Each structure stands twice: as C-alpha cells, then as structure tokens.
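Structure first, then comments.
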Amino acid sequence: MKKNYHTLRLILGDQLNINHSWFKTTDDSVLYVLMEVRSETDYTWHHIQKVTAFFAAMENFYVELKKKHHNVTYIKLDDPNNENSFTGNCSYIIKKYNIQNFEYQYPDEYRVDKELSDFCNKLEIRHKSFDTEHFYTEREELGNFFRDKKGMLMESFYREMRKKHNILIKGSEPEGGQWNFDTENRKKIPKSHNTLTPYIFSNDVTIQYKRVTEAKIKTIGKIDPERLIWPISREQSLELLNYFTNNCLIFFGTFQDAMQKSEWSLYHSRLSFSLNTKMISPKEVIEAVLKAWRDNPDTISLNQTEGFVRQILGWREYMRGVYWLKMPEFENLNFFNHKNSLPRWYWTGETKMNCLKQSIKQSLDYAYAHHIQRLMITGNFALLAGIHPNDVDTWYLGIYIDAIQWVEITNTRGMSQYADGGTIATKPYAASANYIHKMSNYCDNCFYNYKEKTAENACPFNSLYWNFHDRNREKLENNPRLAMVYRLWDKMDPKEKSALLEKAHYYLNEIESL
C-alpha cells in the first residue's frame, strides 16, 4: 500500500547540514528528497571531480538521514522517473504522495532561488522556506550595513563582524592591537623550506562516475574514480579541518599568497568544498582555528589565525552579501567592455607561460587552485587580455570543486575582472611579471623572461600590463590607487611606450600560441 506524506522537504546538493533544525526530531509525516538533476550538471561544464564529489556527498547524507530514521528518497541521475529538474521532480512527488505542504531551505544561487520561488507561487498547496542555518550573516545584512555609507569596503564589514560575533576581540579592541595582519602574510616560499605533503582521501566514487559518464554529461578535468581526494562526508571534513589546525595553520598566513611549482596545496585548508556544501559550518571552522591558536601560542602566531579568520568571516560572508545585494544585474556587468574570447589553452594548460601552465594544469588535475593562483595568475591574465567576463565566469564556475555562483561570480566578475567598476575591489587586480616572480618560482626556467618587456622572449604579462592601463586610462586614471602607475607611464620614453603597446598587440593577436 502506497504511503501518503503530509510534508515534502527538498534538500539541495549544497545543503548537507546535518545539524540543521529540520533534523533534530523525526516526523513520520515528513518526506525528505535529494536529487541528481541535469539542470544542475548541464548549466556549465563542471569538473568531473566536482560532479562526482557532489553526488557522493549527497548519497552519504542520504544514508546518514536514513540512519537517523528520517523518511528520505534519493533520485539518481539514471532513475527512469527523474524529471531532471528540482521542480519537475517535486511536482511528481507531490502528486504521488498526496503532499499537502512543500518546504525548502533558501538556495544560495539566485537562479535556483527564483526557480523555487516561481514554483511555490504556482503551487496549490502550502509552502514555506527556511534559513540554511549556516552563515554568520543574513542575506540582507551587508546591504543594510552599507546603506548609508560611501562605498562597500570589505574591511569595514569584516571589523563589524568581528565585533558582533566577538571573534579575536579583547575588551573592545582587536586582539594584538590591530585588525589586519596582511602585511605579514605575503612571503614567498624559501628555497630551503620543505612543504607539507597534502592530506588527501581515497574515496571510491566509481558508482557516481559511471552514472555521469553513462549519461554523457560534458565534464572537464581528470579523475581517478577509485581514489577521489576530496572529503565527501562530515566526518572526513572534520578530519581535514583537524589536520589543518594541527599541521598547516602554523604557516598558513605567512605563505597564503605564495605559489610554488609542483606544490598544489601548500598550507591552505582546502575546506571550501566542505564549507560550501555545508557539511561543516564556518562557525565550527573558526572556533577550531581559534582553539588551536590559544592552545599553541608559542607555535601559532596571531597573523596566521587572523589571516584565516578574515577569509571566512570577512571575504566569504562579504561576497555572499554582495551577491544577494547586486544580483541579477551583477552577472551582466562589463565595466571595461571586454570582448575577447578565452584562449583555448585555458582548457588544456598547454601554454609556454609557466605560471599559467602550472595553475591551469593543477586546476584540471585537482579541481583546485588557491586564491592567489586564481586572482593573480589566471584571473590577472584574463583581465589584461580583455577577456569577456562571461567566458571567465564560465571557466571558474566549472573548473573548481568549490565553485558555486554566489562565491564564484563575486570573486571573478567582481574582484578579479573589475567588471563591476569597483563595487568590490578598490582597484583592478592587474600585475606584471614582477609580482609573479616575487610570490613564486614559476618564472624559473620559463620560456619567457620575466625581466624583459619588449624583447622576443619578453614575458607577456609585462606589455599586457601597460597596454591594459593605457587603453583604460579614461576609466582608471582618477583612481587614487593608480596614480603612481600613470605617473610612471607618463614618464616613459615615447619610443618605449610605443614598443610596449606594439608588443602587447602582437601577443593579443597571437594569444592562442603563447
């Protein structure tokens, strides 16, 4: 005999929060549903590790709910009744089980939020939405904070969050007497320094991989389906967090901007996938870091701790707030009117520029790159080369395991590409080869010479850097943070300026062969 349920509760793939109040008690009249749908796998080309990790984490969550005696159904990609959309499957379940009440948690992506909102407006049964109980802030909190202020400086918001949540605060002042230790966190890895071997898992996701490949879903990147390295459960996520606090935090801040050949992880936590799927919460991550620092004050310095807290409590919450304040207009912004296409080698890593080769091949191999690789290598080149922000968004959203639009588009179209005209960043994150050499060993044995600007083997970043500022002068020269750049440009010999622009135009025309 078919059972009827009173309430259907939808759980999205990035809502795997077992500590949510929904799951505190069991209710036999409630049916939970998780689903693998083509509307999510097909809206961009995802990394194969990303798709399989999501599916494996969702299935683990399904099993966990079953163990806690909740009624739950899991719709797999190859289910013959799969409508391949959230609303299609929910409509089917509502009809099948005579559901009288539909509930869901607020999606983190605008398009899914709209899809479910529109769906509820057409429903003839009761419906209700709930907070995900994950973030420190509410959706509208950032907008309310900046309502009567000029600009939206992240540092101001970060300090307010520190005060509000009493994090790294002593009395009414910041711990250590200052809010930000960023100047201490820009060190290059010394040649004599031995870095840690990354802590990875060996998860067998062959079943999920088979479903993806048999469905002929277009993916990018590499995978060993018998040994997926990423955490796919809360237990593994906590294990990775514990490893980070015990082994990586000691150097996290100091080397958080450093880049090293053949070193894809360094001292980064790599907790972003666990956080963005909500297997663990930002609060427990920050509390674990603070505890490690307090328990080991002689080995873990404050700049390591504050640098990490700023990434979670500062940037992560700030970017989410900007997303909900500025969408959907944000995803169409193109301040510089960039129109060029992303070079094909962004999908292969086959370029003679060693920094880009290292960063892209690493991304294809591991579905991961840390924030400076994303911002100052792949993002910096795309900015200097005038790549259309749509192309940049598509690449970043697909290739990284932690990429969900709310955190991806704000970092790429906003911070990296300055397509928002300065809502997020106070100036474009543009840099020449000198910065890359300063922060990495990528320039060693590169086909191009980082010291050269116009020679035959000159690093493309150098001429493209000056070309970018020259062609966008009208939009940028009044930015006080760029005054020095334009003074240097104006003092250059006209012949040198002409040679730089000519070299840049040559490289742009030959971009596919760089």
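Legend: translational diffusion of the stretch 208-291 by Stokes-Einstein, Rh = Kirkwood radius over C-alpha pairs, 37 °C, 0.692 mPa s; D = 221 µm²/s. How much net charge surrounds Pro174 when only other residues with a Cβ under 15 Å from its Cβ are counted (Lys, Arg +1; Asp, Glu -1)? It works out to a net charge of -1. Positive-end ranking of Ser272, Asn180, Tyr74 along the dipole of the chain, with charges on Cβ about the Cα centre, is headed by Asn180.
So for the chain: antiparallel DSSP bridges make up what percent, rounded to the nearest 5? The antiparallel fraction comes to roughly 15 percent. Mean separation of Cα pairs under 8 Å and 6 or more residues apart, divided by the residue count, gives the stretch 438-514 a relative contact order of 26 percent.
Considering only Ile11, Leu249, Tyr429, the residue lying farthest towards the positive end of the dipole of the chain is Tyr429, judged by Cα position with unit charges set on Cβ.
Only Lys, Arg, Asp and Glu carry charge here, each on its Cβ (+1 for the first two, -1 for the last two); on that basis the chain has a dipole of about 320 debye about its Cα centre. Across the stretch 21-160, Cα pairs under 8 Å and at least six residues apart give a relative contact order of 21 percent.
Of the accessible area of the chain, with the probe set at 1.4 angstrom, what percent is carbon plus sulfur? Carbon and sulfur together cover 47 percent of it.
In the stretch 1-99, Cα pairs under 8 Å separated by at least six residues give a relative contact order of 39 percent. Eigenvalues of the alpha-carbon gyration tensor of the stretch 424-474, scaled by 5 and square-rooted, set the equivalent ellipsoid semi-axes at 22, 15, 6 angstrom, largest first. The sum of -39500 (n - 2.57) across all DSSP H runs of n ≥ 4, divided by the residue count of the chain, sets its helix-only mean residue ellipticity at 222 nm to -11500 deg cm²/dmol. Amide H contacts of His46 (H built 1.01 Å from N, in plane; Pro and chain starts excluded): Ile220 sit under 5 Å, all sequence-distant by 5 or more or on other chains. For the chain, the longest principal axis of the alpha carbon atoms and the long axis of helix 282-295 meet at an angle near 60°. The percentage of C-alpha pairs in the chain whose separation is greater than 44 Å is 17%. Residues in the chain average 44 Å² of solvent-accessible surface per residue, probe 1.4 Å, ligands and nucleic acids excluded. Solvent-accessible surface of protein heavy atoms, probed at 1.4 angstrom with all chains present, puts His505, His469, His165, His69 in the order His69, His505, His165, His469, largest first.
The modelled label-to-label distance for the pair Ile169/Ser156, using points 7 Å beyond Cα in the direction of Cβ, is 1.8 nm.
The ellipsoid equivalent to the alpha-carbon distribution of the stretch 291-355 has semi-axes of 36, 23, 9 angstrom, derived from the gyration tensor eigenvalues as √(5λ) and listed largest first. For the chain, the longest principal axis of the alpha carbon atoms and the long axis of helix 86-96 meet at an angle near 0°. Using only the Cα atoms of the stretch 322-468, each taken as one equal point scatterer with no solvent, compute I(q) by the Debye sum, divide by I(0), and report log10 of the ratio at q = 0.09, 0.14 Å⁻¹. Each listed q corresponds, in turn, to -0.26, -0.63. In a simple Cβ point-charge model (Lys, Arg +1; Asp, Glu -1; nothing else charged), the stretch 1-141 has a dipole of about 680 debye relative to its Cα centre. Taking a sphere under 13 Å around the Cβ of Glu452 and counting the other residues whose Cβ falls inside, with K and R at +1 and D and E at -1, yields a net charge of +1. For the cross-link pairs Lys149/Lys497; Lys50/Lys352; Lys68/Lys163; Lys222/Lys503; Lys3/Lys283, the ones whose C-alpha atoms lie over 32 Å apart are Lys149/Lys497; Lys68/Lys163; Lys222/Lys503; Lys3/Lys283. Of the trypsin sites (Lys or Arg not before Pro) found in the stretch 446-476, the ones in coil according to DSSP and having at most 16 other Cβ atoms within 10 Å of their Cβ are Lys451.
Near Lys188: Cβ cut-off under 10 Å, other residues only, Lys/Arg at +1 and Asp/Glu at -1. The net charge is +3. Of the three principal axes defined by the Cα atoms of the stretch 428-514, the extents in descending order read 38, 27, 24 Å.
Think of each Lys and Arg Cβ as +1 and each Asp and Glu Cβ as -1; about the Cα centre, that makes the dipole of the stretch 358-514 roughly 520 debye. The Cα-based radius of gyration of the stretch 202-255, divided by its Kirkwood radius, gives an Rg/Rh of 1.15.
Out of every Cα-Cα pair that the stretch 115-249 contains, those further apart than 23 angstrom amount to 69 percent. Convex hull volume of the Cα atoms of the stretch 359-401, normalised per residue: 58 Å³. Label-to-label distance, Lys495 versus Ile125, with points set 7 angstrom from Cα along the beta-carbon direction: 8.0 nm. Plainly put, the stretch 143-209 has a radius of gyration that is 1.21 times its Kirkwood radius, both from alpha-carbon atoms, as the Rg/Rh ratio.
The values are calculated or read from the model by the stated rules, or taken from the named source; none is laboratory data. What you see is a predicted model, and the numbers here were worked out from it, not measured in a lab. Using ideal geometry, Cβ is built from the backbone for each residue, glycine included, and neighbour counts are taken over all protein chains shown. Calculation scope for accessible area: heavy atoms of the full protein, side chains included, ligands and nucleic acids excluded. Shrake-Rupley method; radii C 1.70, N 1.55, O 1.52, S 1.80 Å.
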